[in-house]
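The values are calculated or read from the model by the stated rules, or taken from the named source; none is laboratory data. What you see is a predicted model; the values in this text were computed from it and never measured. All Cβ positions, glycine included, derive from the backbone under ideal geometry; neighbour counts span all protein chains shown.
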């Protein structure tokens, strides 16, 4: 696809340079105006943050569900959380000022303003027994469109679910366990940096998460040469208009917009039980297959589960589904000089995930997927999108960005966070289970998310009701994914015989 990008860029280069220069000048004016008017209160977004300032604030919210082990029935974990957040975060606005900010807009450019907030503005309790919620999944679904604090201006919220023993038992909570929902606007930072904040500041953990991560892809050494880095960035800058035009043409030809989503979500989650050893099985599967990655294996399992889903409903089974794969390369330090850094550093690449393969073999399904995931166009696609995300879009006003950079043409998304160990937060409370859920915006209606937490796989599914209509359907999909791990393992063993 590189040649079409170059041709279209050459044809449109003069207009592109003029328009970009005007937007750059406007962004400089906005920067100085905001700095003069608000002074030290003003905090400016990084380029990658800007993408998540589009639409309604809650459309760009990632959800994190933590199951905490309580010490006794009468303790007030919420009070502990407020005290920890106040003393370890809000006492240090010079280090964690972004966490005290509200989001605003001027001439189409978003910016943060530091507010005089306390932990009371962030932490709250939901009295479940006074509501009509039957389970945690229903609460997650309802909170997916609930405004954030301060009339939707603040960027995060921590909600403790206070419920009767009976309700807790029905939701598989035991031994004084407490469910906590953390909502984080993606403009503030990604889930990985926030988990690092929990581990290092909100908890009592002698670990560095970025030191525990393995197999994070790295760019080739020759690209790290300062001269080559400048040349590559210049090349990507000049090729941006061609990339945009070709991608729009591809969407028009493929005519795939997916079901029109209504921003009403169903959500579910599942963790492997102690003793199932699914993480170990996945590692052995990867080792036995050889030339593959965890992401490719997990996408194969999801693909097979979606095939079963479409088949069981009697729906037309698509040959492929376009997915946005959340991806990180050259992971930046999560902690600098002892202070966790809250930021976005994930890019994404678009892959065509095979659904109707004409074969029941999971290994053949994996081979079909690998053909799509390892093409030259995929690598270029990621590099250009990464350049756009981290260097260009901060100069584009939000109304223009909404028009030229929507997440259309994708059926779903997939995010696979690196493994990290068991942590303790909020004054001595172990995190038993940890799930996260992708954001729901534009026409991006379905999201699959995976964490390898505490040597156990934790899966979360988010779906718009026009994609997957009920919690029960999501439960079936996630159960099939877990079953497919064993089926793939057995297929590999049979192949050895």
Among the residues in segment 37-47, are any assigned by TED's automatic domain parsing to the domain that holds residue 173 and closer than 21 Å to residue 195 by Cα?
yes
Residue 306 fails exactly one of (1) surrounded by fewer than 18 Cβ atoms within 10 Å (Cβ to Cβ); (2) in contact with a helix residue (DSSP H, G or I) (Cβ under 8 Å, 6 or more places away or on another chain); (3) at pLDDT 85 or above, namely (1)
Output the residues belonging to segment 395-436 that are modelled with pLDDT of 80 or more, over 30 Å from residue 181 (Cβ atoms) and in a helix (DSSP H, G or I).
395, 399, 400
Count - residues of segment 151-193 that are surrounded by fewer than 22 Cβ atoms within 10 Å (Cβ to Cβ), at pLDDT below 85 and in contact with a strand residue (DSSP E or B) (Cβ under 6 Å, 6 or more places away or on another chain)
1
Surrounded by 17 or more Cβ atoms within 10 Å (Cβ to Cβ) and on the phi > 0 side of the Ramachandran plot: which single residue out of 480, 454, 464 fits that description?
454
With respect to the numbered conditions (1) within 25 Å of the chain's Cα centre (by Cα); (2) in a helix (DSSP H, G or I); (3) touching a residue at least 12 places away in the same chain (Cβ under 8 Å), which one is the sole condition not fulfilled by residue 321?
(2)
Within segment 437-451, can you find the residues that are outside any strand (DSSP E or B) and surrounded by fewer than 22 Cβ atoms within 10 Å (Cβ to Cβ)?
442, 443
Looking for something modelled with pLDDT of 85 or more and either farther than 16 Å from residue 181 by Cβ or assigned by TED's automatic domain parsing to the domain that holds residue 445 (or both) - is there at least one such residue anywhere in segment 53-67?
no
Could you count how many residues in segment 94-126 are without any contact (Cβ under 8 Å) to a residue 60 or more places away in the chain, assigned to a helix (DSSP H, G or I) and either surrounded by fewer than 17 Cβ atoms within 10 Å (Cβ to Cβ) or over 22 Å from the mean Cα position of the chain (by Cα) (or both)?
5
Using the structure shown, decide if residue 215 is on the phi > 0 side of the Ramachandran plot, at pLDDT below 85, outside any strand (DSSP E or B) and not assigned by TED's automatic domain parsing to the domain that holds residue 105.
yes
Across segment 466-477, the tally of residues that are more than 13 Å from residue 137 (Cα to Cα) and in contact with a strand residue (DSSP E or B) (Cβ under 6 Å, 6 or more places away or on another chain) stands at 1
For segment 25-68, name all the residues that are surrounded by fewer than 18 Cβ atoms within 10 Å (Cβ to Cβ), part of a loop (DSSP other than H, G, I, E, B) and touching a strand residue (DSSP E or B) at 6+ places or on another chain (Cβ under 9 Å).
44, 55, 56
For segment 324-375, what are the residues that are under 23 Å from the mean Cα position of the chain (by Cα) and either assigned to a helix (DSSP H, G or I) or outside the structural domain of residue 299 (by TED's automatic domain parsing) (or both)?
369, 370, 372, 373
